[in-house]
Amino acid sequence: MTNALFIVSEEGYWAEECIEPLTTLGDAGVDVTVATPTGSSPVVDERSLDPEDLGEDEAERLREIHETDERLADPAALADADPGSYDAVVFPGGHGTVWDINQDRHARAALRTAVEGETGKALVVCHAAGLLAFTRDSDGEILAAGRDVTGFPNAWEKGIVDEQDIFEGRKLPYWVEDEVTAVGANWDAELDADTSVTVDGDLVTARGPGSSAAAATTLLDELGIEA
C-alpha cells in the first residue's frame, strides 16, 4: 500500500492545507501517518476556520476533522519517523511552520530523503515552502537551487503582518518568498491564477489556501494513483 508521512506544525497549521491533502490521499487508499516536531497534537490556526471566509458548513467540516481525526490526535514524534519508508512526505502550510517545521533538522532530512530518493515524492505547501531555503542536499548544496517552486508570496504577506512584521503578537522571523528566492530557486506564485501548483522532479509545491485540492490530486498523479 502506498503510504505518506504528513509533517504538521504544532505552532499553527492552516486547516485546508493539511486536511484537504490528508482526506484526499486517505480516500484514494494512501496510508497516512502524521508526525509533529515533539509528538504533541498539531495546533490549527483559528483564522483558517473562520465561517465568514469559508461558510459555516465548510468551517464546521474542517473543525470536526481537526478535532476527531485519529491521525491528527495521536501523531508520531518526527525524530522517530523514518522518511525513507514512505512513498511521499507532505508538509502542510500555515504561519506556524515558520517557527517550527522550517527550522527542524528532522524535517529538512525528511525533505532531502523524499526528493533525493529513487521513489519518494515531497509536497510542500504555502509557508512550509520556507523549508526549501534551509535544506541542503547530500552534497551540501541547497536542495531547491535552480528548481521551479511556488509558495506563500510576499504580496499576500504584506496584507497580514504589520509594519514591524508582527503576526498575531509574534515577530515573523522571515518572509518565505525572500528566503527561497535568495537561495536560487525559481519562484513563481502565479498571482494571476486561481491555483498554483508546481512540479519539479520529485518536488511538488503549492502556493497556499485555494491550491490544496489541486496539490493533493497532483501528488496522487505523481504517485500513479487515480484520485
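Below is a table of values for the structure above.
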{"item": "Some residue of segment 134-142 being in a helix (DSSP H, G or I) and surrounded by fewer than 18 Cβ atoms within 10 Å (Cβ to Cβ)", "result": "no"}
{"item": "The one condition in (1) small (Gly, Ala, Ser); (2) touching a residue at least 60 places away in the same chain (Cβ under 8 Å); (3) within 21 Å of Thr2 (Cβ to Cβ); (4) surrounded by 15 or more Cβ atoms within 10 Å (Cβ to Cβ) that Ser48 fails to fulfil", "result": "(3)"}
{"item": "Gly93 surrounded by 14 or more Cβ atoms within 10 Å (Cβ to Cβ) and not hydrophobic (A, V, I, L, M, F, W, C)", "result": "yes"}
{"item": "Cβ-Cβ under 6 Å pairs, at least 6 apart or on other chains, segment 56-71 side within 17 Å of Glu17 (Cβ to Cβ), far side in a helix (DSSP H, G or I)", "result": "Ala59/Leu49; Ala59/Pro51; Leu62/Ala15; Leu62/Ile19; Leu62/Leu49; Arg63/Leu49; Ile65/Ile19"}
{"item": "Search result, residues across segment 79-90 that are among the hydrophobic types (A, V, I, L, M, F, W, C) and either surrounded by 24 or more Cβ atoms within 10 Å (Cβ to Cβ) or part of a loop (DSSP other than H, G, I, E, B) (or both)", "result": "Ala81, Ala88, Val89, Val90"}
{"item": "Residue within segment 23-43 that is assigned to a helix (DSSP H, G or I), among the hydroxyl-bearing types (Ser, Thr, Tyr) and surrounded by fewer than 18 Cβ atoms within 10 Å (Cβ to Cβ) present", "result": "yes"}
{"item": "Lone unmet requirement of (1) within 20 Å of Trp99 (Cα to Cα); (2) part of a helix (DSSP H, G or I) for Glu163", "result": "(2)"}
{"item": "Residues of segment 91-115 that turn out to be under 12 Å from the mean Cα position of the chain (by Cα) and either part of a helix (DSSP H, G or I) or of a type in the set (Lys, Arg) (or both), as a count", "result": "8"}
{"item": "Leu123 of a type in the set (A, V, I, L, M, F, W, C), in a helix (DSSP H, G or I), closer than 30 Å to Asp165 by Cβ and within 18 Å of the chain's Cα centre (by Cα)", "result": "no"}
{"item": "Candidate set from segment 157-193 (those that are hydrophobic (A, V, I, L, M, F, W, C) and surrounded by fewer than 16 Cβ atoms within 10 Å (Cβ to Cβ)); member that is modelled with the lowest pLDDT", "result": "Phe167"}
{"item": "Some residue of segment 170-179 being touching a residue at least 40 places away in the same chain (Cβ under 8 Å), in contact with a Phe, Trp or Tyr (Cβ under 6 Å, 6 or more places away or on another chain) and under 18 Å from Ala122 (Cβ atoms)", "result": "yes"}
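The values are calculated or read from the model by the stated rules, or taken from the named source; none is laboratory data. Because the structure is a prediction, the values reported are computed rather than measured. We place every Cβ from the backbone using ideal geometry, glycine too, and count neighbours over all the protein chains shown.
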